[in-house]
Amino acid sequence: MAKKKNEITLRPHVYDGIQEYDQHLPNWWLFTLYAAIAFSVVYWFFYFQSNVGQSDVQRLEAELVRIETVKLSSSIDVSNNDLFWQMASNPDFVDAGKQAFQTNCVQCHGADLKGGIGENLIDNQWKHGHYPADIYHTIYDGVKGTGMQAWGNQLGQKSITELVAYILSHHGDRASMESQATVKTD
Ligand code: HEC
């Protein structure tokens, strides 16, 4: 028999004189349940599967990088090798350096930095010094009488620090680079 709206149905059992309703769950209640399930699937996909949404940890890391970038950018000291190594582990500096390298340097040093017309920049053999501050000066001032022009005026200090960060990022960490660097003479 069809049930009338709002008609109350009771379950057959009685405990201590208490009877139990046997009603449909209200539609608004079911709606919140199904909406929560649908939301959880979308949430799970967005944050954990799609790589589109960022988790809190990713957002925090991105924010820390941003803060470090601002700090490093405002305290550039081109004689401070420590600072260059910090830049080398900062993705913003390294990415910017990569872009500048692709625009200005690949034609001679190669996209893999292994050289060609210019020197190999990842074999850790250096004609003009392996310290970051040396590399900075080689790029800034160039090498007279060779194809390596002075880039200082054209690119400016910030961009050259980024280029150094990019080159260093191919050399592992400071200790291993410094202990294995050799001088190249030719
Ligand atoms: C026209 C070709 C050319 C371009 C473009 C060029 N270089 Fe060079 N680079 C050279 C040559 C040639 C040398 C070697 C100079 C020498 O014989 O001392 C060199 C040397 C270097 C060195 C020193 C390597 C060492 O062993 O000490 C660094 C660092 C360097 N280049 C970085 C760069 C960067 C960064 C750029 C882009 C902004 C760049 N170069 C663009 C030709 C080039």
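Can you tell me which of 67-76, 35-44, 156-165 comes out highest on packing, and rank the rest after it, using the mean Cβ neighbours within 10 Å?
My ranking of the peptides, most packed first, is 156-165, 67-76, 35-44.
Between residue 158 and residue 144, what is the spin-label point distance in nm, taking each point 7 Å from the Cα along the Cα→C-beta axis?
That separation, rounded to one decimal, is 3.1 nm.
Return the Cα extents of the stretch 32-77 along principal axes one, two and three, sorted largest first, each rounded to a whole Å.
58, 18, 11
For the chain, what number of Lys pairs, 8 or more residues apart or on separate chains, have alpha-carbon atoms under 16 Å from each other?
Working: 71/158; 98/114; 98/158; 114/127; 114/184; 127/144; 127/184.
Going through the chain pair by pair, I get 7.
Once you have the Cα-Cα distance between residue 38 and residue 173, take 0.36 nm times their residue separation minus that, and quote the gain in nm to one decimal. Intermediate results must be reported in sequence, preceding the final value.
Working: separation 135, 0.36 × 135 = 48.60 nm, distance 4.68 nm.
Fully extending the segment from residue 38 to residue 173 adds 43.9 nm.
Using 1/(1 + (r/R0)^6) with R0 = 41 angstrom and r between the beta carbons of residue 15 and residue 63, what's the FRET efficiency to the nearest 0.05?
On the way: r = 58 Å, r/R0 = 1.41.
Between residue 15 and residue 63 the formula returns 0.10.
Assuming 0.36 nm per residue, please report the length gained on full extension of the stretch residue 107 to residue 54 beyond their Cα-Cα distance.
Numbers: separation 53, 0.36 × 53 = 19.08 nm, distance 3.69 nm.
Roughly 15.4 nm would be gained on extension.
Subtracting the Cα-Cα distance from 0.36 nm times the residue separation, let me have the gained length for residue 82 to residue 182 in nm, one decimal.
Working: separation 100, 0.36 × 100 = 36.00 nm, distance 1.99 nm.
Fully extending the segment from residue 82 to residue 182 adds 34.0 nm.
Once the convex hull of the C-alpha atoms of the chain is built, how many Å³ does it hold per residue, rounded to a whole number?
Values: hull volume 46.7 nm³, N = 186.
Hull volume normalised by residue count: 251 Å³.
Quick check for you: which residues of the stretch 91-129 have the amide N under 15 Å from the point 7 Å beyond the Cα of residue 75 toward its beta carbon?
Within reach of a label on residue 75, which here means backbone N under 15 Å from a point 7 Å along Cα→Cβ, the stretch 91-129 contributes nothing.
Would you work out the relative contact order for the chain, in percent, from Cα pairs under 8 angstrom that are 6 or more residues apart?
Numbers: 183 pairs, mean separation 34.8, N = 186.
Relative contact order comes out at 19 percent.
Measuring from centroid to centroid over Cα atoms, what is the spacing of the stretch 1-76 and the stretch 151-183 in Å?
A separation of 49 Å, based on Cα centres.
The numbers here are math on the coordinates, done by the rules we state, and not lab data. Fair warning: this is a prediction, and the values are worked out from it, not measured in the lab. Quick reminder, even Gly has a Cβ in these numbers, built from the backbone with ideal geometry, and neighbours come from all protein chains shown.
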